[in-house]
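The values are calculated or read from the model by the stated rules, or taken from the named source; none is laboratory data. Just so you know, these numbers come straight off a predicted model, no measurement behind them. Neighbour counts are summed over all protein chains in view; Cβ atoms, including those assigned to glycine, are modelled from backbone coordinates with ideal geometry.
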Amino acid sequence: MVFAKAPAPGRVKTRLIPALGANGAAQLQRQLIARTLRTAVAAGLGTPELWCAPDPHDPFFAACAKEQDVSLRSQGEGDLGARMARALESALALGASGLLIGCDCPVLTPEYLRTAAAALAGGDDAVFGPAEDGGYVLIGIARRPAAGLFEDIAWGTATVMQETRRRLARGNWRWRELAPLWDVDRPEDLPRVRRLPAWS
């Protein structure tokens with residue numbers, strides 16, 4: 001499952017607007033979504049689902065579905081935690097586990113996704129890809145989310161992964177953490193993006 005926000009100028013990557021402008025930030029969002037979908041398809045873990053905000057009717061999302069052969073879903077209402085819990089529950093209702101990623105991590109690889117899936121298949125209740133800024137770039141679940149696991153977390157802050165660890169330990173979850181990766185949120189992240197191979 002890939003979480004993505006429609007690339008509307010002025011509404012996405014707002015912290016990057018001072019460096020890129022509203023249109024430039026929206027264009028970066030388009031590139032990040034496309035790159036993430038290619039990575040998800042290449043991982044070969046099943047047909048990816050693009051979970052859209054505010055809804056799947058944006059023409060960009062329709063183009064993604066056609067070009068990448070992904071299905072479209074709506075993230076629905078609520079904060080990020082509520083929307084992630086809803087998506088993960090839907091995956092667990094259909095199978096043994098679910099992987100959820102955002103579209104802000106251009107260094108995410110198919111191998112990284114396959115490693116996460118292997119952790120769940122090997123018996124871990126959950127797997128996380130920590131982000132260098134204190135959040136995470138990947139969540140995998142093979143057990144029904146415990147009550148409160150994603151509730152009332154200060155999303156977008158440096159304490160997200162730390163708080164999640166506390167809740168996992170309190171609920172006796174068995175989880176694995178993969179190597180930390182960086183994501184693109186702030187102007188200081190842009191030089192790293194520009195150094196990536198084949199990045200336009």
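A few notes on this one:
- Candidates ARG11, ARG35, filtered to the one that is at negative phi, surrounded by fewer than 22 Cβ atoms within 10 Å (Cβ to Cβ), of a type in the set (Lys, Arg) and part of a helix (DSSP H, G or I): ARG35
- Qualifying positions in the range 96-125 - among the polar types (S, T, N, Q) and farther than 17 Å from THR36 by Cα: SER97
- Selection count where residues are touching a helix residue (DSSP H, G or I) at 6+ places or on another chain (Cβ under 9 Å) and under 29 Å from ASP152 (Cα atoms), scope the range 63-85: 6
- Scanning the range 1-56 for residues that are under 20 Å from ALA198 (Cβ atoms) and among the basic types (Lys, Arg) yields a count of 3.
- In the set LEU50, LEU72, LEU99, LEU20, only one residue is part of a strand (DSSP E or B), surrounded by fewer than 18 Cβ atoms within 10 Å (Cβ to Cβ) and modelled with pLDDT of 95 or more; that residue is LEU72.
- Residue match in the range 126-133 (condition: surrounded by 22 or more Cβ atoms within 10 Å (Cβ to Cβ), farther than 26 Å from ALA34 by Cβ and among the aliphatic types (A, V, I, L, M)): yes
- Scanning the range 65-109 for residues that are more than 20 Å from LEU149 (Cα to Cα), in contact (Cβ under 8 Å) with a residue 40 or more places away in the chain and among the hydrophobic types (A, V, I, L, M, F, W, C) gives VAL70, CYS103, CYS105, VAL107, LEU108.
- Hits in the range 11-38 - residues which are of a type outside the set (A, V, I, L, M, F, W, C), closer than 13 Å to ASP104 by Cβ and in contact with a strand residue (DSSP E or B) (Cβ under 8 Å, 6 or more places away or on another chain): GLN29, THR36
- Filter result for the condition that a residue is modelled with pLDDT of 95 or more and either more than 14 Å from the chain's Cα centre (by Cα) or charged (D, E, K, R) (or both), over ARG86, ARG114, ARG143: ARG114
- Looking only at the range 53-69, and only at residues there that are of a type in the set (A, V, I, L, M, F, W, C) and surrounded by 15 or more Cβ atoms within 10 Å (Cβ to Cβ), the one that is nearest to the chain's Cα centre (by Cα): ALA53
- Residue count, the range 112-127 (criterion: touching a residue at least 40 places away in the same chain (Cβ under 8 Å) and at negative phi): 11
- Scanning the range 152-173 for residues that are surrounded by 12 or more Cβ atoms within 10 Å (Cβ to Cβ) and charged (D, E, K, R) gives GLU163, ARG165, ARG167.
- Helices (runs of 4 or more DSSP H) (entirely within the range 103-200) containing at least 2 residues that are touching a helix residue (DSSP H, G or I) at 6+ places or on another chain (Cβ under 7 Å) and closer than 25 Å to GLY44 by Cα: 110-121
- Where a residue in the range 165-188 is of a type in the set (D, E, K, R) and its partner, wherever it lies, is part of a loop (DSSP other than H, G, I, E, B) and modelled with pLDDT under 95, with Cβ under 6 Å and at least six apart: ARG167/LEU149
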